[in-house]
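To keep things clear, I will list the structure first and then write my remarks on it.
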Amino acid sequence: MTRRDQLEVRVLDAFRAAYGSEPEMLAVAPGRVNLIGEHTDYNDGFVLPCAIDYETIIAARRSNGGQISILACDQNAETDQFDPAQPFVAQKQEWKNHVRGVLASFRQRSLPVSGMEIAVSGNVPQGAGLSSSASLSVALAKLCSEQLAPGTLSPTDLAQIAQQSENDFVGTACGIMDQLASARATSGNALQIDCRSLDVKAVAVPTDLGLLVIHSGITRGLVDSAYNERRAQCELAAQHYGVSALRDLTIDQLKANRAGLDDVSYRRARHVVTENARVLEASKALENGDIAKLSQLMAQSHASMRDDFEITLPAIDELVAMVAAVLEESGGVRMTGGGFGGCIVVLAKRDRLDDVHAVAERDYRAPDGTKAQIFACQPSSGAALLEL
Ligand code: GLA
């Protein structure tokens with residue numbers, strides 16, 4: 001059985017047991033790993049994520065009772081129930097807010113929200129920076145759009161609904177990258193996103209390259225406060241330079257008009273400006289099969305996150321250095337996601353992946369002794385309905 005088959009069986013069994021009937025619809029949406037372009041999305045810049053074959057599946061059926069009932073298979077089979085006609089009230093448990101938040105975004109767009117029975121299960125590692133919550137929100141947005149308002153929402157709408165839920169209901173000030181990757185990626189490709197226009201371009205991942213995500217064993221902590229602080233520093237720098245977002249700043253302007261900007265904000269801006277340029281170069285390198293160039297760009301991205309944006313941790317720097325020493329020019333490695341723990345991403349010639357595996361398992365330990373956890377991933381496609 002494939003990983004997806006297992007997940008499907010789990011969610012279908014749970015649905016039947018909870019509601020005593022068959023679901024009418026099954027929707028899936030993936031997590032994502034970002035190849036390059038970190039903390040550029042909320043600066044209107046460029047990103048290059050891949051959807052991965054770790055995902056959330058949701059089964060649902062319209063209910064006559066008028067209530068919305070949800071069973072979360074991965075949260076100790078916790079349940080939630082609320083009235084779609086009443087205001088949605090935030091709950092203590094975050095998973096409940098992801099569900100209510102998506103429905104609140106539907107309602108805000110004057111889309112119909114009515115009674116449903118829902119079961120959810122996913123296999124995206126949580127707290128790893130692989131966007132388990134985007135995968136849940138986008139899967140739910142896909143399901144609700146097909147069930148409640150068929151034919152009215154584009155994949156970009158689904159991503160925006162999911163992002164609005166995070167921003168306004170869950171209370172996380174994230175950008176649009178994770179949700180767009182989960183909604184719009186295509187199989188075998190990375191997705192270059194212009195986070196201002198929301199134009200996307202599929203960039204084929206050469207078939208001789210393999211994708212690994214390695215979890216450092218360090219759960220991401222203090223993420224929200226550090227993330228918000230970085231956003232504020234970027235906004236401050238944009239104001240200093242008189243641009244609406246750092247996307248609009250060139251390297252030359254960055255250097256020439258530096259006077260009066262504090263060193264920290266300057267370095268934050270330098271990360272964003274140089275990272276945007278690296279995303280565009282990395283897309284070209286992938287298109288040309290220039291793996292040595294990709295390797296260089298990912299190394300520069302990591303150094304910039306470490307020295308200018310200051311979102312890596314010493315143990316993660318070590319893990320990246322270990323893998324880089326094995327790969328040399330045969331692939332790229334860098335920390336991926338928001339930072340302060342979580343995962344590194346490796347995109348490298350397939351014949352080097354066993355050595356990467358071996359070194360990460362043998363030589364890496366998190367500060368508390370935890371071993372690296374390695375996930376082999378396929379660049380996958382975005383949200384979809386599954387056949388029942
Ligand atoms: C988190 C956010 C994204 C993005 C990344 C950093 O994953 O959800 O919007 O800002 O951090 O690149």
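Summary table
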| item | result |
| --- | --- |
| Selection from Ala237, His215, Ala259 lying farthest towards where the dipole of segment 215-264 points positive, charges on Cβ | His215 |
| Within straight-line cross-link reach of Lys371, aspartates and glutamates at Cα separation under 14 Å, skipping those fewer than 8 residues along the same chain | Glu318, Glu361, Asp363 |
| Degrees separating the helix 132-148 axis from the principal Cα axis of the chain, which is the longest one | 40 |
| Calculated from backbone phi, Karplus (6.51, -1.76, 1.60) coupling profile of segment 202-218 in Hz, x at Gly/Pro | 6, 10, 5, 8, x, 5, 7, 9, x, 10, 10, 10, 10, 7, 6, x, 9 |
| Test item: Cα-centred dipole of segment 206-379, Lys/Arg +1 and Asp/Glu -1 on Cβ, debye | 220 |
| Heavy atoms of Val170: accessible area, 1.4 Å probe, square angstrom to 10 | 30 |
| Shape of segment 206-379, Cα gyration tensor, a/c cut at 1.5 | oblate |
| Helix 291-307 axis, angle to the chain major axis (alpha carbon atoms, nearest 10°) | 90 |
| Karplus-derived 3J(HN,Hα), 6.51/-1.76/1.60, for each residue of segment 154-163, Hz, glycine and proline x | 8, x, 5, 4, 4, 5, 5, 4, 5, 5 |
| Length added when fully stretched, Arg365-Asn167, from 0.36 nm per residue minus Cα-Cα | 67.8 nm |
| Distance between segment 1-57 and segment 270-315 - C-alpha centres, whole angstrom | 27 |
| Structure-based [θ]222 nm, the chain - -39500 (n - 2.57) summed over DSSP H runs of at least 4, per residue, nearest 500 | -13500 deg cm²/dmol |
| Out-of-range pairs (alpha-carbon distance over 23 Å; input Lys142/Lys349; Lys96/Lys142; Lys201/Lys293; Lys201/Lys284; Lys293/Lys349) | Lys142/Lys349 |
| Listed residues Ala315, Ala183, Ala60, most fluctuating in the chain (Gaussian network, C-alpha, under 10 Å) | Ala315 |
| Residue with peak Gaussian network fluctuation, the chain [Cα springs, cutoff 10 Å], from Gly339, Gly66, Gly151 | Gly151 |
| Rounded tilt (10° steps) of 223-241 against the dominant C-alpha axis of the chain | 60 |
| Among Ala90, Ala204, Ala238, residue whose mean-square fluctuation peaks in a GNM of the chain (springs only between Cα atoms under 10 Å) | Ala90 |
| Net charge dipole size for the chain [Lys, Arg +1 and Asp, Glu -1 on Cβ; Debye, nearest 20] | 340 |
| Cα gyration tensor shape for segment 168-279, rounded if a/c is under 1.5, else prolate or oblate | prolate |
| Dipole of the chain, positive end: most advanced residue of Ile176, Gln373, Ala325 [Cβ charges, Cα centre] | Ile176 |
| Arg3 versus Asp263: modelled label distance in nm, points set 7 Å from Cα along the beta carbon direction | 4.3 |
| Cα convex hull volume per residue for the chain (Å³) | 139 |
| Nearest-10 value in Å² for the accessible area of Ser304, using the 1.4 Å probe | 10 |
| Given charges at Cβ of Lys, Arg, Asp, Glu: the chain dipole, positive-most of Ile316, Gly20, Val359 | Gly20 |
| Surface share of carbon and sulfur [accessible, 1.4 angstrom probe, percent] for segment 206-379 | 49 |
| Euclidean distance of C-alpha centroids, segment 165-183 and segment 199-250, integer Å | 13 |
| Cα centre as origin, Lys/Arg/Asp/Glu Cβ charges: segment 261-304 dipole, Debye | 20 |
| Accessible area of the chain divided out per residue, in Å², using a probe of 1.4 angstrom | 40 |
| In Hz, Karplus ³J(HN,Hα) per residue of segment 368-381 (6.51, -1.76, 1.60; θ = phi - 60°; x = Gly, Pro) | 8, x, 5, 7, 5, 10, 10, 10, 7, 10, 10, x, 10, 9 |
| Label-zone membership for segment 192-219, site Glu287, 7 angstrom Cα→C-beta point, backbone N under 15 Å | 192-194, 200-206 |
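The values are calculated or read from the model by the stated rules, or taken from the named source; none is laboratory data. Small disclaimer: the values here were computed from a predicted structure and weren't measured. Here the Cβ is made from the backbone with ideal geometry for all residues, glycine too, and neighbour counts use every protein chain on show. What goes into the accessible areas is simple: the full protein's heavy atoms, side chains included, and nothing from ligands, DNA or RNA. Shrake-Rupley method; radii C 1.70, N 1.55, O 1.52, S 1.80 Å.
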